[in-house]
Amino acid sequence: MSIPIRWTFEDLCSSETIDLYAINDHGVAVGNLRLPIPASPNAWNYHAIRIGDGPIEDVHPTGYLTSWARDINNDGLIVGSIDDVAGSRHAYLRDPSGSMAMLKQPASAYTASAACISPSGVVAGSWSTSDLVTRACQWGPSPITPDTDPIDLAGDGFTDSWAESNNDAGQVAGRVLRPTDARAVAALYASGAWTVIDDAWADSRLHVNAAGSIVGAFNEYPSRAFIFEGGLLTRVDNSHWNQPTWPGGPTTFGGISNAGEAVGVARQPMTAQSGAASWTRAGGWLDWRTKLPPNSGWDLRGVSMISPSGAYACGSYFHNGEFRYFRVKRALVVEDLLPRLYVDLSAIWSRLIFGISQDGGGSVMTPNGPVPVPPWDPTATGASMAEVAKLLAVHEIVGQLDDPALRRRIQPELLRQAIERLGGIERLVASELKTTTREIVERPSTISKAKGK
């Protein structure tokens, strides 16, 4: 059974002066804006930025020279680095309210930077000494304060190390510099030690998902995407591409979802033209250009990041002589899925969710005796709550499917959409309660009047 997924592409911003690094499950992307320095034509200042539903938000704090935003989690916490007026670099943590805290660094550190943040708020990055030795480090567990001491993740046998991506299992993906040949190689940090993934030079930033799968690219000829999971390293070329115009050629991975979908670039070997694509171990490569609306005119060049659930991704495209970023939202279309399940939901929603049959009921005791209560019917509630009930009901039905891979793909998306709708209901209820409370407080009290008589 195919899964009905709606792909919604939108233009995000120009990529000529903006670099984006991460996106979360709410579609919020972070990166930096490059600002030219008039006195130095080939030099730039950098401002950290955040892009949500509205215009680009400059989150660079006043009083500092430059700033970078490198990662964001689903709680809206942003991490990166910032340069003060003296030229010293610091790691920072910014919360959704805009409050920014500098992270503590060792007394011997000359600079520090934060590269990634886990779902629970553990931060990883690196700090450097005055003799330019760089050591990976971690701040956490959450909540992190300016007094939280960094944990040294340098490991033994390597002169330098960098943390680039982390998860809540305590795993860190990054690079280490081998003293034997001064080569920066891909590595996994876990249980207090670094494990080298391969001897090849690591060509791009590494990413690790919740399951510990790591993706990146090796600087080989041509460059080759790789995935490392369960101790097994797999180089991924595009010789398995379904289209005859895409045999072989360089590949890179720029991110991986928790479901194991890796996104990146697959290039045509003859023209060196980039192509936006994703890859899974079960399905191989998927050309994202096939998901564009007809006659869009967009030439998708690559996918550089994906959110943990895979609901959102960002990449680059070329159109009208300009390189720009796109954002895509991929949502499970529940209305399209229902007919394929061949289930009459109207008869079983309540039984599935609340453990009662549709013709069940009950009674409530009043001063005048018991009063019958009809069964609770999700379809009789407000539109938002009925939609939540529908999503949860379908989630339970999908749980009965025989295909475990299909269940793993559908059920998390159903829950995510239900949670999004519940969040909207919660905000609405809070607003209504606030309004009602204000009306009660402002309304003259009849009890007080009675007591005054």
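The values are calculated or read from the model by the stated rules, or taken from the named source; none is laboratory data. Source: prediction; values computed, not measured. Using ideal geometry, Cβ is built from the backbone for each residue, glycine included, and neighbour counts are taken over all protein chains shown.
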Checked pairs for region 168-195, first within 20 Å of S120 (Cβ to Cβ), second surrounded by fewer than 24 Cβ atoms within 10 Å (Cβ to Cβ) and β-branched (V, I, T), C-beta under 6 Å and 6 or more apart or across chains, list as L188/T195
Is it the case that some residue within region 65-82 is part of a strand (DSSP E or B) and surrounded by fewer than 18 Cβ atoms within 10 Å (Cβ to Cβ)?
-> no
Restricting region 3-44 to residues that are of a type in the set (S, T, N, Q) and within 15 Å of A311 (Cβ to Cβ), which is surrounded by the most Cβ atoms within 10 Å (Cβ to Cβ)?
-> N24
Search result, residues across region 105-125 that are surrounded by fewer than 19 Cβ atoms within 10 Å (Cβ to Cβ) and in a strand (DSSP E or B) = Y110
With the condition kept exactly as written, say whether any residue in region 157-171 is hydrophobic (A, V, I, L, M, F, W, C), crowded, with 16+ Cβ neighbours inside 10 Å, in contact with a strand residue (DSSP E or B) (Cβ under 8 Å, 6 or more places away or on another chain) and in a strand (DSSP E or B).
-> yes
Tell me, please, whether a residue that is within 30 Å of L415 (Cα to Cα), aliphatic (A, V, I, L, M) and out of contact with any Phe, Trp or Tyr (no Cβ under 8 Å at 6 or more places or on another chain) can be found in region 15-23.
-> yes
Residues (within 19 Å of W285 (Cα to Cα) and either part of a loop (DSSP other than H, G, I, E, B) or aliphatic (A, V, I, L, M) (or both)) located in region 210-225 = S213, I214, V215, A217, P222, S223, A225
Would you check if W194 is out of contact with any helix residue (DSSP H, G or I) (no Cβ under 6 Å at 6 or more places or on another chain), within 11 Å of G174 (Cα to Cα) and in a strand (DSSP E or B)?
-> yes
Is it true that P143 is within 20 Å of L93 (Cα to Cα) and free of Cβ contacts under 8 Å to residues at least 24 places away in the same chain?
-> yes
The residue from A109, A48, A114, A29 that alone is out of contact with any His (no Cβ under 8 Å at 6 or more places or on another chain), free of Cβ contacts under 8 Å to residues at least 60 places away in the same chain and closer than 24 Å to N167 by Cα is A114
In region 29-49, the residues that are touching a Lys or Arg at 6+ places or on another chain (Cβ under 9 Å) and closer than 14 Å to L12 by Cβ | A29, V30, G31
Could you list, in sequence order, all residues of region 264-286 that are at pLDDT 90 or above, surrounded by 18 or more Cβ atoms within 10 Å (Cβ to Cβ) and part of a loop (DSSP other than H, G, I, E, B)?
-> none
